[in-house]
Amino acid sequence: MIKVLSVFGTRPEAIKMCPLVKELEKEEKIKSVVCVTGQHREMLDSVLNIFGVKPDYDLSIMKENQTLFDVTISILDKIKQVLIKEKPDLVLVHGDTSTAFVTALSCFYERIPVAHVEAGLRTYDIYSPYPEEFNRQAITLISTLNFAPTEVAKSQLLKEGRKNIYVTGNTSIDALKYTVDSDYSSDITEWVQDSKLIVLTAHRRENIGTPMENMFKAIKSITEEFLDVKVVYPIHMNPKVRDIAKRILGDNPNVRIIEPLDVSDFHNLLNKSYIILTDSGGIQEEAPSLGKPVLVMRDTTERPEGVQAGTLKLVGTEFENIYNSFKQLLTDKIEYNRMSSTANPYGDGTASKQIVNAILDYFEGEKNYEN
Ligand code: UD1
Ligand code: UDP
């Protein structure tokens, strides 16, 4: 029996790892063990509930307003016991969070092989996104198996001299198969009626402060000018984000700031939206496959495939550019149609199955898997 330990802790990791955990559980040659760090609490639990995944370990590390030091120290301190007790043959980490980085580091200390899901995304600016770009580059150094979502990600890993790279697509597309229902309606869709539904999310650490204020001010101006626009903002639980949003968007009748939605409701809301404004990573992968235009309120993106497909437009974090791009998308039908075509740069929804096959190949195949 091959023992595979999957470790994750935040909402986006959970959304992208749960379909893979489900697939690992189906494979009789694999014993799947799940450890959540609890870097997020409510936002993590909501995803676990939707997918029916019950973790074997929960490190429960989240604190309000936690710093990078808090998260790093708590996970490092607690994960060691899990690794020593379980002695997994392979540990799966996802993406670029502190949970993923610290887990990979701990595996390195214990000399346990790491497989990196969503490997090879890069901006090559370690301060953007911060600290995620550093985290993912560091995880790459430690990983034995690299599951790249796209050929672009693979080529970046090859340039860095990495081996054992599998292009699998992104497991977020697998997740959409569980959630999207074309007949979906909710109190939010009732509220929007025939207006244009704009879905907004913003949470990035490096945007907290002036960049986030700029975003919200630009959106406020547009809602005052275009009365057929209704903005729904399922807000991240970070108190710093909440303060800024409430201050700038709080009293606006055409903006609804609501609690985070469970992933099923959120994917369906995206599917009903007219335009998406976000600084999120995962939403940049989901939107092309739903054919929804996204204004990415960041200075860099590690998802060039979506930009190339035409669905994503990088609009930065200055008021002027966000306002102008938003206005253009509302008034220029040709531009809107150009950005609304469905594209599939992140795979066909079979990434989890491909990853499980690659893991079996690693343990049972003839290949030499030096790091
Ligand atoms: C983390 C990840 C980021 C990812 C994001 C997804 C790192 C360094 N950052 O950033 O890559 O894009 O998650 O959302 O790993 N909180 C709650 N309940 C929750 C979740 C968060 O109250 O369920 C609050 C807490 O006060 C917490 C704060 O949000 O201290 C920030 O959470 P944290 O995980 O440190 O950072 P994120 O900005 O969420
Ligand atoms: N998401 C969700 N509920 C919400 C907002 C987002 O389930 O209220 C999902 C979204 O579909 C995507 C993921 O959360 O799959 C993105 O997470 P987040 O923006 O927190 O992190 P990032 O992707 O930027 O790391």
Problem set entry | Number of the condition not met by Leu329 [criteria: (1) aliphatic (A, V, I, L, M); (2) in contact with a strand residue (DSSP E or B) (Cβ under 9 Å, 6 or more places away or on another chain); (3) within 19 Å of Lys154 (Cα to Cα)] | (3)
Exercise. Of the residues that sit in region 62-95 and are touching a Pro at 6+ places or on another chain (Cβ under 8 Å) and near ligand 1 (Cβ under 10 Å from one of its atoms), which one is nearest to Gly281 (Cα to Cα)?
Worked result: Gly95
For this session: Quick one: Gly161 ticks every box in (1) within 16 Å of ligand 2 (Cβ to nearest atom); (2) open to solvent by 30 Å² or more (accessible area, probe 1.4 Å); (3) among the small types (Gly, Ala, Ser) except a single one, so which number is it?
Result: (1)
Exercise. Where in region 219-316 are there strands (runs of 3 or more DSSP E), lying fully within it, with 2 or more residues that are open to solvent by 30 Å² or more (accessible area, probe 1.4 Å)?
Worked result: 255-258, 312-314
Seminar exercise, completed: Residues of region 23-54 being out of contact with any helix residue (DSSP H, G or I) (no Cβ under 7 Å at 6 or more places or on another chain) and either within 16 Å of Ala358 (Cα to Cα) or not small (Gly, Ala, Ser) (or both), in sequence order, are Glu25, Lys26, Glu28, Lys31, Arg41, Glu42, Asp45, Asn49, Lys54
Exercise. If you check Tyr178 against the conditions, is it in contact with an Asp or Glu (Cβ under 6 Å, 6 or more places away or on another chain), touching a residue at least 40 places away in the same chain (Cβ under 8 Å), open to solvent by 10 Å² or more (accessible area, probe 1.4 Å) and not charged (D, E, K, R)?
Worked result: no
Exercise. Which of the residues belonging to region 258-269 are in contact with a helix residue (DSSP H, G or I) (Cβ under 6 Å, 6 or more places away or on another chain) and away from ligand 1 (no atom under 15 Å from the Cβ)?
Worked result: Ser264, His267
Exercise. Checking Glu23 against (1) open to solvent by 20 Å² or more (accessible area, probe 1.4 Å); (2) within 16 Å of ligand 1 (Cβ to nearest atom); (3) under 16 Å from Val91 (Cα atoms), which test does it fail?
Worked result: (2)
Seminar exercise, completed: Condition set within 20 Å of Leu295 (Cβ to Cβ), over 23 Å from the mean Cα position of the chain (by Cα) and not polar (S, T, N, Q), scope region 189-213, selection surrounded by the most Cβ atoms within 10 Å (Cβ to Cβ): answer is Val192
For this session: Scan region 345-364 for residues that are within 21 Å of Glu285 (Cα to Cα), open to solvent by 10 Å² or more (accessible area, probe 1.4 Å) and assigned to a helix (DSSP H, G or I) and report the count.
Result: 2
Problem set entry | Matching residues in region 287-304 - criterion: being within 11 Å of ligand 2 (Cβ to nearest atom), at pLDDT 95 or above and under 25 Å from Asp228 (Cβ atoms) | Val296
For this session: Residue by residue through region 74-120, note down the ones that are surrounded by 14 or more Cβ atoms within 10 Å (Cβ to Cβ), aliphatic (A, V, I, L, M) and more than 26 Å from Lys159 (Cα to Cα).
Result: Ile75, Leu76, Ile79, Val82, Leu83
For this session: For residues that are more than 8 Å from ligand 1 (Cβ to nearest atom) and polar (S, T, N, Q), scanning just region 26-45, find the one that is least open to solvent (accessible area, probe 1.4 Å).
Result: Thr37
Exercise. If you go through region 105-112 one residue at a time, do you hit one that is out of contact with any Leu (no Cβ under 6 Å at 6 or more places or on another chain) and under 19 Å from Ala14 (Cα atoms)?
Worked result: no
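The values are calculated or read from the model by the stated rules, or taken from the named source; none is laboratory data. Keep in mind that this is a model prediction, so the values were computed, not measured. Positions of Cβ are backbone-derived with ideal geometry, glycine not excepted, and every protein chain shown enters the neighbour counts. Ligands, DNA and RNA are stripped out before the accessible areas are found, and what is left, the full protein with its side chains, is counted by its heavy atoms. Shrake-Rupley method; radii C 1.70, N 1.55, O 1.52, S 1.80 Å.
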